[in-house]
Amino acid sequence: MQSIKSEIIKNIRVADEYFILIVKNKQLAKKIKPGQFFSIRVISDGFDPLLGRPISVFDVNGDEISFLYKISGRGTEILSKQKEGIFLTTIGPLGNGFDVNSDAENIALIGGGVGMPPLYYLAKYYSNKNITFFYGGRSKEHILFLDNWYNLANVKLVLTTDDGTIGDRGMVITPYERYLKDGGFDMVFACGPTPMLKAIDTLSLQYKQSGQISLEARMACGVGACLACVCPTVDGGKKRICADGPAFSFGELSWS
């Protein structure tokens, strides 16, 4: 984990409140594993913003690192206004990332909203695996970067939207359960809204599926020192999303 200045190559709106940010940093790019994230802070003369914002890695191409983020507060709003050539403070890569068994051949990915980016890099990184990606969103406009997914030869897409404007109408959990009834997968990885992750965790345990869910949370330090992003576990203890996660095994977390 390092704190290094990285130059913005691109920072543009791609849909509603979603932006794609690409920074150039060869030193950091070569260290990233799927599921990890960076704490990104706009450099300013004062203390606004005081802390960086945790953003998952969407893609890595050579010395360029891509992030897909959504404006969700003042920090990301300030970030969205930064232009090419400006430098950001990038701390990372942070977190443990996904733990993919080497003998797992058929893998399911389940994502929604800003939970999609870390799953894309996982699918690209493990190009030797057969992957089924269950991708859900509110509408067609919230299903982003489909061309990127279609270009991955090892991936089969299963799309759902709340309004039925693309794919099946309904929640992504429905086709996932249908596949589980037909035999399931060697491993499953999911990232997205908390209600979706809770349902996937419960359903995966019911069908004895192994895998992980990746949590998103507001963070302060990003390295586990401040305890601002702890979550309860089934054994009564607490885990730090930034340092112990963000990926946790099915059945590890308590949702109560």
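Laid out as a table, the results:
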| quantity | calculated |
| --- | --- |
| Listed residues 213, 200, 78, most fluctuating in the chain (Gaussian network, C-alpha, under 10 Å) | 78 |
| Nitroxide proxy distance, nm - points 7 Å out along Cα→Cβ at residue 51 and residue 15 | 2.9 |
| GNM flexibility winner over the chain from 90, 174, 161 (Cα, springs under 10 Å) | 174 |
| Local electrostatic count at residue 6 - Lys and Arg +1, Asp and Glu -1, tallied over other residues with Cβ under 15 Å | +4 |
| Highest to lowest packing among 245-255, 31-41, scored as the average C-beta count within 10 Å | 31-41, 245-255 |
| Along principal axes, Cα extents of the range 193-256, largest first, whole Å | 37, 23, 19 |
| Chain lengthening between residue 152 and residue 165 when straightened (0.36 nm per residue, less Cα-Cα) | 2.4 nm |
| Extension reserve of the residue 74-residue 5 stretch, reckoned as 0.36 nm per residue once the Cα distance is removed | 22.8 nm |
| Within-13-Å neighbourhood charge of residue 63 [Cβ basis; K, R +1; D, E -1] | +1 |
| Net charge contributed by nearby residues that have their C-beta within less than 13 Å of residue 140 (K/R +1, D/E -1) | -3 |
| Reduced Cα scattering model of the range 144-238, Debye log10 I(q)/I(0), q = 0.19 Å⁻¹ | -1.10 |
| Stokes-Einstein translational diffusion, the range 20-133 - Kirkwood Rh over all Cα pairs, 1.567 mPa s, 4 °C, in µm²/s | 86 |
| The chain: mean projected area of Cα convex hull, nm² | 13.5 |
| Dipole moment magnitude, nearest 20 debye, the chain about Cα centre, only Lys, Arg, Asp, Glu C-beta charged | 420 |
| Relative contact order for the chain, counting Cα pairs under 8 Å that sit 6 or more residues apart, in percent | 18 |
| Among 85, 75, 224: highest mean-square fluctuation, GNM of the chain, C-alpha pairs under 10 Å | 85 |
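Read-outs throughout are calculated quantities, based only on the coordinates presented, and are distinct from any laboratory measurement. Quantities reported herein were computed from a predicted structural model and do not represent experimental measurements. Glycine also receives a Cβ, built like all others from the backbone with ideal geometry; neighbour counts cover every protein chain displayed.
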